[in-house]
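K.L.:
First, the structure itself, so that you have it in front of you.
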Amino acid sequence: MPGGRRGRSLVPRPVRPDTPDRSPARPPARSWRRIFDDKLFPLLLIAPALLFIIGLVGYPVVRTAWLSFTDASGIRALTEGEMDFIGFANYIEIFSNPILRRSAITTVVFGLICVVGTMILGIAVALLLNQPFRGRKVLGVLVLLPWAIPQIAASFVWQWLFNGQYGVVNWSLTKLGFSGFEDFSWFTQFYTAFAVVGIVVIWQSFPFVTLALLAGLQTIPNDVIEAAKLDGTTAWQRLRLITLPMLKPLLLVLVVISTIWDFKMFDQVWVLTGGGPARRTEVLSVSTYVEGITQSQWGMGSALAMVLFFILIVITIIYIKLIREEEQIS
Amino acid sequence: MRTGTTKALRWLPVAAALALVATACGSDDDGPAATDDGGDGAVAPDPDGEYSGEVTMWIMGDAGDPVGNSVNEMVAAFEAEHEDVSVTVEYVPWTAGKDHYTSAIIAGDMPDIAESGNTWTADFAEEGVLAPVDLSGAEYVPVLEESATINGAAYGYPWYGGSRVLLYRTDILDQAGVEPPQTWDELFEVGQAIENEVGDIAPFQVAANNQHYFLPLVWQAGGEIAAQDGDSWEPGYDTEAGHAALEFFQDLWETGWSPADAQTDDFTSLSLAEEFANGQSAMLIALPWQVTGIVDNNPELEGNLGAVIMPEGPGGSRDTLAGGSHLVVFEDSPQKELAAALAEFMIAPEQATSFAETTGFFPGTVAEAEATVDESDWLSPVAADQFINHARAYPVGGWWGAMEGATVVKDTLQELIAGNFTVEEAAQNLDSEIRSRVED
C-alpha cells in the first residue's frame, strides 16, 4: 500500500512565524507530573491514531515487503507459512521477464503522458471557465460529470464506444470515409489500446484539476492582471508570466496527486483490455493483481506492488524538494 | 511467458493428512485424516436421519438463475423434512468463484457444504480442506466421479454436468445445401459452402479466450492434454496431435470468419454465443443450457436450430470437456454429517429430476441422467450422447487448478493468431507451462 506515506507530504508545511520560545524555564526539581505532561500525555493522545496507522498501513507494508523476498505461492504459503526466502529473485525476475518489464516501463511512460494530458486539458478548461460568457455555469457542471461517474461504469461505456464491430467510433470513422476502421480492433494492438485508455483516463481526471485551478484563479487579484494589461502584455504573456507562476504551488500539488492516481490506475486498463492480448497491455497494478491474486503468486505480486511503491516514493521525494525550494524563495 | 519460480501445492499424502490437523488459523480441530483408501474416513449421513443445527452452503451463480431457483426449492423441502435444521445458502458468482474459495480457505472461514466446479475439486482436496465422501449409494456418471476422485478417495458428490455440442442454423445450412459437419475437414467445407452460397454471415467463429473449446481439440486429434504416469504427468501439446490441434485452431482463425476483436481478453465464449444469437454466425460450440438464452435473445431462431456432437478430429475422437459441479463437504465443518445428508438429498432422484428440468443440466447419477433424455427433442439426445459417450475430464491433479486459473492458454492462442508464435513455439510454451505447474 503506497497510501500511507504520502499523507504528510501533500500539504505544504506552513511557514512557522518567529514566535518567542514561550516554554518556561525548567524547574530544578523533576516532578512526575511534568514528565507525564511533557512525555506521556502527548504519546497517549496520539496512541489511538498510531495504533490504527501501524495496523492498517505499517503492518501491510512491512508484510508486503517481507513477502516480496519470498517465493510464497498457493494456499499453503499463507495457511502454514510454507515459503522460502529467495532474496531479490522476484525483483530480478521483474526486470528480466519481458512481460513484467514492459509493464513497469509502460506504467511510468504512460502514467507521465496521462499526467501531462490531464494538466494541459485541466488548465485550458479552467482558463475557459474563468472567462465571463453565457452558459458558463452549465458548462461548469457538465465538465464535472466525467468525474462524478464511477470509473468502472465509465470504462464500460467507453469500451462499447470503441467496440470493434458495434462501436460508434468505428461506425463514425467508417462513415467519414476512413474505411480502414471497419471492424477495427482497438484493443488488440499496444498503441491503439493505450490511446483509448489514455483518452478515458484524461477524460476522467481533468475535471478535478479544472475545479481546483478555477478556485486558484479566483485568488489572483484582478489589479495585477489589469496592471499587466496597461503595460501592453499579450494574453499569452499574462498566462506565462503572471497566472501560472502565481498558481505554481497549487499546480505542484495537482501534478503530484495526478501522478499518484495515474500510476496506480487499474480500473480503466482492467475493464478495457484486461491486460491482454497475451499480457501486452498490463500496467504494474494490473500485473500485481494477475500475479498476486489470480495466480496466487503472493511473493511475486508483493514484489510488483513494492516496485510501484518505490516509484511513487521517488516522485513524492522530488515533490517535497520542489515544495521546499518554493518555501525558500517565498 | 513467465515460468513459475516458486513451489506450491505439492502433493504429499502425508503432508495433506497433517494439513488437516494443523488447519488454517492454527485452530486445533482434530479432524480425521484423509486415509489412503478413503473408505474408512468418509463422511456419511447419520442412518437415523435425526439432525438439528445450522449449515451454510455456497452455490455458484446467483439466486435468480435456474440453478439458484432450483436450489432454493430443494433447501425449503429439506428444511420441511428436518424441522430443527436451518440452511443458509450463499451465492458466489462463477467469475470470481475460485478466488472466493481460496480466500475463504486461507482465512479458515469455509462453509459446511459447497458447490465446486469439477475442475477445482482435486485442487481443494489436495489442500486437505475437503472431507472424503462415500459414493457407494448410487451409480454416478463416471466422468464426474473420476474428477472427484483423488488417490482413490472421493471428495465430492457428482451433482450435475453437461458438455458442449455444435449448434447450427438449419435454415442457413439448407440454403447452402449442406449437412452439418461431422469432422474437422467437413467444418471447413460446410463453412466454405455457407460463404459461397449464403454470404453475409460468418460460418463459424473462434475466440482466443475460450480455453474449454481449445483444450479438448488435442483429444480429438488423438492426443492427451497431459498423460499421467504414476506421480508424474507428461504434457501433450508438443506432439503430432498437439500440433494438429493448434494448426486447426490457427486455420479456423485464418478463415477470417471471426471478428478482429476475438483476439482480445473480453471476447469469450459468451461473446461467441451473442454473435450466434444476433445472426452473425451460423455454427456455434455451446453448452446445451445456453440454447434457452440464445432463443430468448432472438426468438426468430426458434425452429431454426439443430445440433450435432463435436466434429471428429484426425485422431478419430469427438471428445470434449465434461463440465459440471460437485457438492463438497468441508473437513472443518462441525456439521459434516448434516452436510452430507443435505448433499445426498439434493442428488436424490426426485430433486435431481426436477433440477434437470429447471436447469437443462444432466444430473450426476446415471439413472437420472438417462431419465432426463427426451428422444423427441432436437437437442436432448445429442447433448446426452456427447456427455455420456464423448466427454472427458481434464487431468485430475491439484496442479490443474493453477493451470486453469492462469492465463496461459489464452495468452498462447493470442500470440499464435497474432503471428508472434509458430505452432511449434505455441506447443512448446503450453507444455513448459504445464510442466512447471506439475513440478511446483
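The values are calculated or read from the model by the stated rules, or taken from the named source; none is laboratory data. Because the structure is a prediction, the values reported are computed rather than measured. Quick reminder, even Gly has a Cβ in these numbers, built from the backbone with ideal geometry, and neighbours come from all protein chains shown.
K.L.:
Any idea which of B:358, B:353 is under 23 Å from residue B:286 (Cβ atoms), among the hydroxyl-bearing types (Ser, Thr, Tyr) and assigned to a helix (DSSP H, G or I)?
P.N.:
Only one candidate passes the filter, namely B:358.
K.L.:
Please tell me if residue A:246 is out of contact with any Leu (no Cβ under 8 Å at 6 or more places or on another chain), surrounded by 18 or more Cβ atoms within 10 Å (Cβ to Cβ) and touching a residue at least 24 places away in the same chain (Cβ under 8 Å).
P.N.:
No.
K.L.:
Hey, another quick one. Sort through A:201, A:197 and tell me the only one that's within 14 Å of chain B (Cβ to nearest Cβ), in contact (Cβ under 8 Å) with a residue 40 or more places away in the chain and surrounded by 13 or more Cβ atoms within 10 Å (Cβ to Cβ).
P.N.:
Residue meeting the stated conditions: A:197.
K.L.:
If you check residue B:12 against the conditions, is it modelled with pLDDT under 80, within 14 Å of chain A (Cβ to nearest Cβ) and surrounded by fewer than 20 Cβ atoms within 10 Å (Cβ to Cβ)?
P.N.:
When the stated conditions are applied, residue B:12 passes them.
K.L.:
Within segment A:159-169, identify whether any single residue is away from chain B (no Cβ under 14 Å) and under 20 Å from the mean Cα position of the chain (by Cα), and answer yes or no.
P.N.:
Checked segment A:159-169: no residue is away from chain B (no Cβ under 14 Å) and under 20 Å from the mean Cα position of the chain (by Cα).
K.L.:
Identify the residue in segment A:257-301 that is of a type in the set (A, V, I, L, M, F, W, C) and surrounded by fewer than 22 Cβ atoms within 10 Å (Cβ to Cβ) and, among all such residues, is nearest to the other protein chains (Cβ to nearest Cβ).
P.N.:
Here the residue is A:293.
K.L.:
Being crowded, with 22+ Cβ neighbours inside 10 Å and among the hydroxyl-bearing types (Ser, Thr, Tyr) is the requirement here; does residue A:96 meet it?
P.N.:
Spelling it out, it is not the case that residue A:96 is crowded, with 22+ Cβ neighbours inside 10 Å and among the hydroxyl-bearing types (Ser, Thr, Tyr).
K.L.:
While we're on this one: Is it true that some residue in segment B:281-299 is among the aliphatic types (A, V, I, L, M), in a loop (DSSP other than H, G, I, E, B) and crowded, with 17+ Cβ neighbours inside 10 Å?
P.N.:
So far as segment B:281-299 goes, yes, one or more of its residues are among the aliphatic types (A, V, I, L, M), in a loop (DSSP other than H, G, I, E, B) and crowded, with 17+ Cβ neighbours inside 10 Å.
K.L.:
Mind checking whether some residue in segment A:281-288 is without any contact (Cβ under 8 Å) to a residue 24 or more places away in the chain, touching a helix residue (DSSP H, G or I) at 6+ places or on another chain (Cβ under 6 Å) and not hydrophobic (A, V, I, L, M, F, W, C)?
P.N.:
Looking for residues that are without any contact (Cβ under 8 Å) to a residue 24 or more places away in the chain, touching a helix residue (DSSP H, G or I) at 6+ places or on another chain (Cβ under 6 Å) and not hydrophobic (A, V, I, L, M, F, W, C), one finds at least one in segment A:281-288, hence yes.
K.L.:
Across segment A:155-194, what is the total count of residues that are surrounded by 20 or more Cβ atoms within 10 Å (Cβ to Cβ), in contact with a Pro (Cβ under 7 Å, 6 or more places away or on another chain) and polar (S, T, N, Q)?
P.N.:
Adding up the residues that qualify gives 1.
K.L.:
Follow-up. Quick one: which residue in A:242, A:313 is away from chain B (no Cβ under 14 Å) and under 20 Å from the mean Cα position of the chain (by Cα)?
P.N.:
A:313
K.L.:
Let me ask another. Residue B:198 - would you say it is surrounded by fewer than 20 Cβ atoms within 10 Å (Cβ to Cβ), of a type in the set (Val, Ile, Thr) and touching a residue at least 24 places away in the same chain (Cβ under 8 Å)?
P.N.:
In short, yes.
Yes/no matrix, rows are residues, columns are (1) within 23 Å of residue A:150 (Cα to Cα); (2) acidic (Asp, Glu); (3) within 19 Å of the chain's Cα centre (by Cα):
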| residue | (1), (2), (3) |
| --- | --- |
| A:224 | no, no, no |
| A:228 | no, no, no |
| A:235 | no, no, no |
| A:246 | no, no, no |
| A:252 | no, no, yes |
| A:255 | yes, no, yes |
| A:270 | yes, no, yes |
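K.L.:
Of the residues that sit in segment B:99-139 and are among the charged types (D, E, K, R) and within 14 Å of chain A (Cβ to nearest Cβ), which one is farthest from residue B:331 (Cα to Cα)?
P.N.:
The qualifying residue farthest from residue B:331 (Cα to Cα) is B:99.
K.L.:
Let me ask something additional. Just a yes or no: is a residue in segment B:325-332 within 14 Å of chain A (Cβ to nearest Cβ) and part of a loop (DSSP other than H, G, I, E, B)?
P.N.:
Within segment B:325-332, one or more residues are within 14 Å of chain A (Cβ to nearest Cβ) and part of a loop (DSSP other than H, G, I, E, B).
K.L.:
Can residue B:328 be described as among the aliphatic types (A, V, I, L, M) and surrounded by fewer than 22 Cβ atoms within 10 Å (Cβ to Cβ)?
P.N.:
Spelling it out, it is not the case that residue B:328 is among the aliphatic types (A, V, I, L, M) and surrounded by fewer than 22 Cβ atoms within 10 Å (Cβ to Cβ).
K.L.:
Tell me which of these residue A:178 doesn't satisfy, since it passes every other one: (1) closer than 27 Å to residue A:116 by Cα; (2) away from chain B (no Cβ under 14 Å).
P.N.:
Checking residue A:178 against (1) closer than 27 Å to residue A:116 by Cα; (2) away from chain B (no Cβ under 14 Å), the one that fails is (1).
K.L.:
Mind checking which helices (runs of 4 or more DSSP H) fall wholly inside segment B:364-440 and carry at least 2 residues that are in contact (Cβ under 8 Å) with a residue 40 or more places away in the chain, under 29 Å from residue B:157 (Cβ atoms) and at the interface with chain A (Cβ under 10 Å from one of its Cβ atoms)?
P.N.:
B:398-405
K.L.:
I would also like to ask the following. From the list B:245, B:226, exactly one residue is hydrophobic (A, V, I, L, M, F, W, C) and over 29 Å from residue B:366 (Cα atoms). Which is it?
P.N.:
Of B:245, B:226, the one residue that is hydrophobic (A, V, I, L, M, F, W, C) and over 29 Å from residue B:366 (Cα atoms) is B:245.
K.L.:
Check off (1) modelled with pLDDT under 95; (2) not in a helix (DSSP H, G or I) for residue B:145 and give me the number that stays unchecked.
P.N.:
Every condition holds for residue B:145 apart from (2).
K.L.:
Looking at this structure, is residue A:70 modelled with pLDDT under 95, touching a strand residue (DSSP E or B) at 6+ places or on another chain (Cβ under 8 Å) and under 24 Å from residue B:99 (Cα atoms)?
P.N.:
Judged against the criteria, residue A:70 is a match.
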